[in-house]
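A quick write-up on the structure given underneath.
The values are calculated or read from the model by the stated rules, or taken from the named source; none is laboratory data. Please read all numbers here as calculations on a predicted model, not as lab measurements. Here Cβ is always computed from backbone atoms with ideal geometry, including for glycine, and neighbour counts include all displayed protein chains.
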Amino acid sequence: MSGDDTIFVRETLAPARKAPVVTTGIIGFLRTRLFNSPLNIVLTFASAALLWIVLEPTIRFLFVDAVWKGADRTACLADQAGHPVGACWPFIQAKFTQLTYGFYPEDQRWRANLTFALAALLLAPLLVPKIPGKTLNAGLFFIAFPFLAFFLLRGGGLDGFAFYWLAELFGVAWTPSLTRFWLDFSLTTTVVTAAAVWLWGGWLNGRRAGIVTALTFAGIALVIEALQLDRGGLPVVDTRQWGGLLVTLVVSITGIVASMPVGIALALGRTSRIPLLRIFSIAFIEFWRGVPLITVLFFATYMLPLFLPGDFTIDALVRVLVGIALFAGAYNAEVIRGGLLAIPRGQREAANALGLSYWKTTGLIVLPQALRHVIPALVNSFIALFKDTTLVLIVAIFDLLGQLRAAFADPTWATPTTLFTGFAFTGIIYWVGCFAMSRYSLFVERRLNAHRNT
Amino acid sequence: MATAPRRPPFRPLTRLWRVLSGDTGWKGIAGQLVFAGLLAWLVSDIVINARANLQAQHIASGFGFLAGTAGFSVNQALIRYSEADTYLRVFEVGLLNTLLVSIIGIVFATLIGFAVALGRLSPNWLLARLSGGYVEIIRNLPLLFQLLFWYLAVLAALPNPRQSLSVFGVAFLNNRGFVVPHMEPQQGAGVFVVAILAAIAASLVMMAYARRRLYRHGERLRVWPFALALLIGLPLLGIVLFGVPVSFDVPVLRGFNFTGGTRVTPELVALTIALSTYTAAFIAEIVRGGLLAVPKGQMEAGASLGLSRPAILRLVIIPQAMRLILPPLTNQYLNLTKNSSLAVAIGYPDLFSVFAGTTLSQTGQAVEIIAMTMAVYLAISLVTSALMNAYGWHLDRSQRA
């Protein structure tokens, strides 16, 4: 077919279209996220101005105008430094040990350092999910470490073991001696190991439990020998001499460790079908959650001594720790209860069908799943606890913030910028601690919800 | 034909037994008896010990001490108070101060919190980052730290009264507090208040009527001009007829301090700033979560119905988000109220500070005073959560219907 005249062949190129508006790269970013409407332009400039107003003086204060070296307040005065003075870092250098250890005796500070190192050594592998041996690790950190830390930080020894306490309870006279101590220890080991074997169902099934128990006692013996607890142990450092970051960490770690069993017990009580247990747990939880922590601390400081027999004195720090553990326990209980309710009924029913008892069902099936579910929420409540430890300064226990306040009173360092320097330093410590924990909680949450692909 | 299911036999005693034992039979009952016994033993032990200890310290138990003369002054009282007043009066003064700082704090925390939440959701990258930074910084620092920072560092660094920072020449900020004009009601005040209330009531009635018309007959009535006219006009009419309702007593610098006006103590200023900024960070996260939790389809559905963007927000998104926001928001309000007890650290005379602090150290009545203080906070918490539960129940029902 001839139709040449109908075939259209374009002889010139079509005019180039205008390039599309760039929506990628820095320019596109500016266009879509910062300057895309009149309102946004105004907001961008306002935000930038605000950022400048806040950031510029902060950086100037912390670094540019800061004084880094000096022996006393004169170094941080403007006429001495020759320029407007920002942060007075020599103040922090001078007060660093006070902020870290309080008035812990200088020659004994290695004990606090050792405790810090041990805590870090045990905690770090616990936080990395890939490292195996979580049960052993958790057992060491949550059960063994607190005892060890107690004897390390406070000092003092043991007069005896379980039988000594029994003798004490029944009013039998017991004069402590080295042989008696080790006799008591080996007797206790034998009895507890035998009990473990028997409880786990005789030699055939329970020998593993027996071996683990015996090994645990061997470990305890090693620690006793290392710290010489049988011969009086380390010199006693009264808790009134503790202070600073040491107290902050002691209070928060004890609170975290002690509040977990309280929380689990209360959560189980609240979800139990036994009326008295449920009513008691609800009342207990709602009571502690309904009052401010300070009233709890006052309760622990002023009322607890009244409730104990007259000749029985209890350390001020311990009183506060009891109050904090109960308070945090009530909050943890609600978190854990949420986890318990999130476990499908079928899990419990399946366990029942296998013939497991209530405790085995709870301990082996329900609780492990529930606790794993609520790790992020638990970490959040630990953050709150860490922040709340500052309140102990109101009942005259000098934690980090308390020591800071005490350091402000020192006239050798009274300069116009001392206060801001101190707050900047402690603020960074608190902030890093809390922020790290909240990031960790996010990390765990993502890991747990990986299947949801959010 | 299906027959009606057989009703279970009515056996009240069996049922009672099951409930009491929690379906665990004799074991449950025995366990509960042991538990009750232990509790009773603990309580009796505590009571016996406390009685013995109190006797040893020569402290009479009971609430008789409330009638005693306090003998100390309080630097901020909303009701008339002098040193000759009783401890009960101190309790009232403290309670009112706690409520005052809580209410002011709640208002500011809500405003800042919502603003920051909107900022974080804004398409503007810089604003979103800035708001996020605010939340992360404030949320990760202890409240007591922030309180001491504001009180000891910032407010103390303010100039003395002679070099006060002036706010439009009527209010002055200095290291002794915040001096604001004092309002004194004149004779027209009563009429003025009545006029405002009447205007608000009339506007509400008009809006209700307009909505009714809209729903019943599909007519749109334009009521807002009338409402606005009423809200401005009625009080204005009151002023014209009966005179200016309030006169302002503007503070003036005389010598080394201000005379006239009302001085807001630096303690109250610091406490309000710390409480409201701290709680605002948490509120911002709650509001943001609530708004993000409303499915995207809701917004799209609203748009496909032809609603404008503000109308979608007002009629579709916010009502649904509010359901998620309200319970945790109330919780934050409660937290703020409880946290106001930190006032004791800076000496603001709240309930805890004057009652569990000063009164306790003067009288030594630890048991009664701490019990009363705890009871107040507990009552506030329990009443609020009861209201919240009722509201949640109401929501559940309305959602199911």
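Restricting to the stretch A:80-129, give me the number of residues that are over 30 Å from A:Phe142 (Cα atoms) and not in a helix (DSSP H, G or I). Final tally of qualifying residues: 7.
Which residues, counting only those in the stretch A:290-314, are out of contact with any Leu (no Cβ under 9 Å at 6 or more places or on another chain) and more than 7 Å from chain B (Cβ to nearest Cβ)? Passing the criteria: A:Thr301, A:Leu304, A:Pro305, A:Asp311, A:Phe312, A:Thr313. Among the criteria (1) away from chain B (no Cβ under 14 Å); (2) modelled with pLDDT under 90; (3) assigned to a helix (DSSP H, G or I), the one A:Val236 does not fulfil is (3).
Could you tell me whether the stretch A:278-285 includes any residue that is on the phi < 0 side of the Ramachandran plot, within 22 Å of the chain's Cα centre (by Cα) and buried (at least 20 other Cβ atoms within 10 Å of the Cβ)? Checking the stretch A:278-285: at least one residue is on the phi < 0 side of the Ramachandran plot, within 22 Å of the chain's Cα centre (by Cα) and buried (at least 20 other Cβ atoms within 10 Å of the Cβ). Residues of the stretch B:213-260 that are among the polar types (S, T, N, Q) and either surrounded by 12 or more Cβ atoms within 10 Å (Cβ to Cβ) or in contact with a His (Cβ under 9 Å, 6 or more places away or on another chain) (or both): B:Ser247, B:Asn257. Within the stretch B:32-79, the set of residues being part of a loop (DSSP other than H, G, I, E, B) and hydroxyl-bearing (Ser, Thr, Tyr) comprises B:Ser61, B:Ser73.
Taking the criterion of being in contact (Cβ under 8 Å) with a residue 40 or more places away in the chain and either hydroxyl-bearing (Ser, Thr, Tyr) or exposed (fewer than 13 other Cβ atoms within 10 Å of the Cβ) (or both), the residues of the stretch A:319-356 that qualify are A:Tyr331, A:Leu341. Scanning for something hydrophobic (A, V, I, L, M, F, W, C), surrounded by 10 or more Cβ atoms within 10 Å (Cβ to Cβ), under 30 Å from A:Pro275 (Cβ atoms) and modelled with pLDDT of 80 or more, does the stretch B:68-84 turn up at least one residue? Among the residues of the stretch B:68-84, not one is hydrophobic (A, V, I, L, M, F, W, C), surrounded by 10 or more Cβ atoms within 10 Å (Cβ to Cβ), under 30 Å from A:Pro275 (Cβ atoms) and modelled with pLDDT of 80 or more, which makes the answer no. When A:Gly244 is tested against (1) more than 23 Å from B:Ser341 (Cβ to Cβ); (2) within 14 Å of another protein chain (Cβ to nearest Cβ); (3) crowded, with 19+ Cβ neighbours inside 10 Å; (4) touching a helix residue (DSSP H, G or I) at 6+ places or on another chain (Cβ under 6 Å), only condition (2) is not met.
Rundown of residues vs (1) assigned to a helix (DSSP H, G or I); (2) in contact (Cβ under 8 Å) with a residue 40 or more places away in the chain, yes/no style:
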{"site": "B:Ser203", "(1), (2)": "yes, no"}
{"site": "B:Ala208", "(1), (2)": "yes, no"}
{"site": "B:Arg213", "(1), (2)": "yes, no"}
{"site": "B:Glu219", "(1), (2)": "no, no"}
{"site": "B:Phe226", "(1), (2)": "yes, no"}
{"site": "B:Gly233", "(1), (2)": "yes, no"}
{"site": "B:Leu236", "(1), (2)": "yes, no"}
{"site": "B:Val244", "(1), (2)": "no, yes"}
{"site": "B:Phe248", "(1), (2)": "no, yes"}
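Within the stretch B:132-158, residues that are at the interface with chain A (Cβ under 9 Å from one of its Cβ atoms) and over 26 Å from B:Gly119 (Cα atoms) reach partners that are of a type in the set (Asp, Glu) and outside any loop (DSSP other than H, G, I, E, B) with beta carbons closer than 9 Å, at six or more positions or on different chains, in the pairs B:Leu144/A:Asp388.
Residue count for the stretch B:170-192, restricted to those that are within 24 Å of B:Val244 (Cβ to Cβ) and either of a type in the set (S, T, N, Q) or in contact (Cβ under 8 Å) with a residue 40 or more places away in the chain (or both): 16. The condition of being within 18 Å of the chain's Cα centre (by Cα), at pLDDT 90 or above and closer than 30 Å to A:Ala370 by Cβ holds for only one of A:Tyr440, A:Tyr430, that being A:Tyr440. No other residue among A:Val212, A:Val236, A:Val191 is touching a residue at least 12 places away in the same chain (Cβ under 8 Å) and in contact with a strand residue (DSSP E or B) (Cβ under 7 Å, 6 or more places away or on another chain) apart from A:Val236.
Pairing each residue of the stretch B:24-38 that is touching a residue at least 40 places away in the same chain (Cβ under 8 Å) with any residue that is assigned to a loop (DSSP other than H, G, I, E, B) and among the polar types (S, T, N, Q), provided the two are 6+ apart or on different chains, yields no C-beta distance under 8 Å. Looking only at the stretch B:55-65, count how many residues are of a type in the set (A, V, I, L, M) and away from every other protein chain (no Cβ under 12 Å). The number of residues fulfilling the criteria is 1. Taken over the stretch B:47-65, the residue count meeting the criterion of being among the small types (Gly, Ala, Ser) and free of Cβ contacts under 8 Å to residues at least 60 places away in the same chain is 4. Considering (1) within 30 Å of A:Ala138 (Cα to Cα); (2) in contact (Cβ under 8 Å) with a residue 60 or more places away in the chain; (3) of a type outside the set (Ser, Thr, Tyr); (4) within 12 Å of chain B (Cβ to nearest Cβ), say which one A:Pro376 fails and leave the rest. Result: A:Pro376 passes all but (4). Looking only at residues of the stretch B:339-383 that are of a type in the set (Ser, Thr, Tyr) and over 15 Å from the mean Cα position of the chain (by Cα), we find that the one that is nearest to the other protein chains (Cβ to nearest Cβ) is B:Thr373.
Scanning the stretch B:346-384 for residues that are of a type in the set (Val, Ile, Thr) and touching a residue at least 24 places away in the same chain (Cβ under 8 Å) yields B:Ile346, B:Val354, B:Thr358, B:Thr359, B:Thr363, B:Val367, B:Val376, B:Ile380, B:Thr384. Could you check the stretch A:279-289 and list, in sequence order, the residues that are aromatic (Phe, Trp, Tyr) and more than 7 Å from chain B (Cβ to nearest Cβ)? If the condition is that a residue be aromatic (Phe, Trp, Tyr) and more than 7 Å from chain B (Cβ to nearest Cβ), then A:Phe280, A:Phe284, A:Trp288 are the ones that fit.
Of everything in the stretch B:17-54 that's exposed (fewer than 12 other Cβ atoms within 10 Å of the Cβ) and under 27 Å from A:Gly310 (Cβ atoms), which residue is farthest from the other protein chains (Cβ to nearest Cβ)? The residue in question is B:Trp41.
Within the stretch B:74-94, one or more residues are within 23 Å of B:Leu268 (Cα to Cα) and within 14 Å of another protein chain (Cβ to nearest Cβ).
When the stretch A:131-162 is filtered for residues that are surrounded by 13 or more Cβ atoms within 10 Å (Cβ to Cβ), among the aromatic types (Phe, Trp, Tyr) and at pLDDT 80 or above, the ones remaining, listed by number, are A:Phe141, A:Phe142, A:Phe145, A:Phe150, A:Phe151.
Looking only at the stretch A:425-435, decide whether some residue is within 12 Å of chain B (Cβ to nearest Cβ), under 30 Å from A:Lys69 (Cα atoms) and part of a loop (DSSP other than H, G, I, E, B). Scanning the stretch A:425-435 turns up no residue that is within 12 Å of chain B (Cβ to nearest Cβ), under 30 Å from A:Lys69 (Cα atoms) and part of a loop (DSSP other than H, G, I, E, B). Suppose we filter the stretch B:119-130 for residues that are assigned to a helix (DSSP H, G or I) and at the interface with another protein chain (Cβ under 9 Å from one of its Cβ atoms); how many remain? Matching residues across the stretch B:119-130 total 7. Taking the stretch A:307-416 as the region of interest, the helices (runs of 4 or more DSSP H) fully inside it that hold 1 or more residues being in contact with a Ser or Thr (Cβ under 7 Å, 6 or more places away or on another chain) and of a type outside the set (Val, Ile, Thr) are A:316-342, A:345-353, A:375-388, A:400-408.
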